[in-house]
Structure formats: C-alpha cells, structure tokens
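Peer 1: Submitted below is the structure of interest, expressed as structure tokens.
Read-outs throughout are calculated quantities, based only on the coordinates presented, and are distinct from any laboratory measurement. Treat the numbers as computed from the prediction; the structure is a model and nothing was measured. Heads up, the Cβs are rebuilt from the backbone with ideal geometry, glycines too, and the neighbour counts pull from every protein chain shown.
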Amino acid sequence: MNAAAVRIAVSSSTFRRPLAAGELTQLEWLERCASALGVDGVLADVTDFPRRDAEYVAQLRKVAIDLGLVPFGLDAAGLFEPNGGAAREEALALASGFGAAVVRTTLPAPGEVPPATFAEVTGVAKAFSRAAKAANVTIVVATAPGTLGADLAGVKHLMKDVDSAWLRPCPTALLDEVGPRDRYPAFVATPADDPVAVAARASRAWVVLDVAPADRPWDLARDGVAALRHADAQRLLVAGR
C-alpha cells in the first residue's frame, strides 16, 4: 500500500448490536473486518471483550495480525473521570496486550462548575499521559457534544495545559477546523461524509470509520470503506501525474 494512502479502521462499537445479541463473536468480527470490509485495522471497544485476561487478549492480537489487520486501537469511554483510575489502568493493560497504538476516549461533562472540573480533569490527564507513555500507548481524544471537548478547540485547550505528546486530539474529519500543517494520529469519519473531502483531509493518517448502530452495519461499513478507497485512489492518481 502506498505510504501516502489513507488507512481505514473500524471500531467494534459499530457492530454492538450483533455482538451484544450473541450473533457475532469478537473473533468472527475480526475475520469479517478482513474478508468482508478489507479494512487496514480495527479498534476493539473495551465493552465488547467477552474476556479481558492476558491469554485471550494475546489470542485476539494474534488473530488480527494473522488476518492482516493492524490492531490499531481500543475504544474506552470515561477514562478522564476523576474516579476512573481502575478503568484507566485496565485500558492501558488491554492496549498493551492487544498491541494497540492508541486508546480513543472522550472528555467528561463540564459539571456544575466547569472551571473546577477542567482543572481536575487536567490533573487526571497529566497523570494518565505519564502512564500512557510508560505503556507506549497514545491516548487520542475525540470531540463529543456535552463534554469539555465538545469541539476541537475544547480538546486542544486541555491538551495545551497537559502538554504531552502521549495525549492527542482525534478530530472529526469534516466538522472540526484543522490547520493545513496540523498532524493527528487519526481522524473520525462516517459513511455520510464526503469521501473525497475525507481522503484529502486525512491523507497519511488513519481514518476511524464510525457507523451509527443500525440494522445493516456491515452493509453501511462496506459501502463507506469502498467510497473512501475509491476517493483515495483518485486522489493518489491525480497526485502522481
């Protein structure tokens, strides 16, 4: 694959319904991500692990790699909650066992006194970034309505106060204002986004394709991946002329 090409990953949260209903196992999810979607990598949501012991996580990593998938990351909610120390430790342990480069999460709600919450979360983030550095895992923070990181500016505000290379924003590809020289580990996109614009914005980066829970997650994800592949191929063709 050309080094300048967009790399696409999908999260198991996209397939929450069949996973929760027992219609799909985590190992089957990996196999179908490789065979049916042809993606480059995956993010395994912490809530979708049927087991979290080291032996199972190592098996999950091996299966992903055997299938040609990069175990790119984990999804884990609530990691910046002040009382979430155990969840942070578990997420880093799972990420290390899975071989994940990133853990994606969001910031907490502003609370009744937003400045006080911000200061508390900044302290949590500084300690978390030190632990992430020790585990060689980058924490990427996605924007989310109703949180301290409702937009990219909010996420970057906290990142500036923490000042750690192990804590990075994860912008929404087409909603967040990104400077021409800004570089991020990953961008978030959906099948509804313009694939040409996403491919242009996220070249040389990972795109995490998020599909809202629906009755046809595989069809929606497949169509989204195909549209991105086509748009990126056209971008590379033009660039190579």
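Peer 1: Given 10 Å bins starting at zero, what is the percent of C-alpha pairs of segment 7-239 in each, up to the one with the largest pair distance?
Peer 2: For segment 7-239, the binned pair fractions read 8, 33, 36, 20, 3, 0 percent.
Peer 1: Which distance in nm do the two modelled labels at Ser35 and Ala58 give, with both placed 7 Å along the Cα-to-Cβ direction?
Peer 2: 2.7 nm
Peer 1: Below 8 Å between Cα atoms, with a sequence gap of 6+, how large is the relative contact order for the chain in percent?
Peer 2: 20 percent
Peer 1: At Ala109 and Lys133, where each label point lies 7 Å from the Cα along Cα→Cβ, what is the point-to-point distance in nanometres?
Peer 2: It is 3.3 nm.
Peer 1: Among rounded, prolate and oblate, which fits segment 13-58 when a ≥ b ≥ c are the square roots of the eigenvalues of its C-alpha gyration tensor, a/c under 1.5 means rounded, and a/b larger than b/c means prolate?
Peer 2: Taking the square roots of the gyration eigenvalues as a ≥ b ≥ c, segment 13-58 is oblate.
Peer 1: Simple spin-label model, 7 Å along Cα-to-Cβ: Asn83 to Asp182 in nm?
Peer 2: Once both label points are built, they end up 3.4 nm from each other.
Peer 1: Would you mind checking which residues have amide H under 5 Å from Val103's amide H? H placed 1.01 Å from N; only 5 or more apart, or other chain.
Peer 2: So Val103 has HN proximity to Leu74, Thr138, Ile139, Val140.
Peer 1: Now for a separate question. Give me the number: length gained by fully extending Ala153 to Glu28, i.e. 0.36 nm times residue separation minus the C-alpha to C-alpha distance, one decimal in nm.
Peer 2: 41.2 nm
Peer 1: Next question, about the same structure. How high is the FRET efficiency between Asp194 and Asp161 when r is their beta carbon distance and R₀ equals 30 Å, given to the nearest 0.05?
Peer 2: Efficiency for this residue pair is about 0.35.
Peer 1: Using the Cα gyration tensor of segment 111-155, with a ≥ b ≥ c the square roots of its eigenvalues, what is the shape: rounded (a/c below 1.5), prolate (a/b larger than b/c) or oblate (neither)?
Peer 2: It is oblate, given that a/c is not under 1.5 and a/b is not larger than b/c.
Peer 1: Under the rule of at least 5 residues apart or a separate chain, name every residue whose amide H is placed under 5 Å from the amide H of Phe187.
Peer 2: Amide H neighbours of Phe187: Trp206, Val207, Val208.
Peer 1: How large is the Kirkwood hydrodynamic radius of segment 80-178, in angstrom, based on all distinct alpha carbon pairs?
Peer 2: Over segment 80-178, the inverse of the mean reciprocal pair distance is 13.5 Å.
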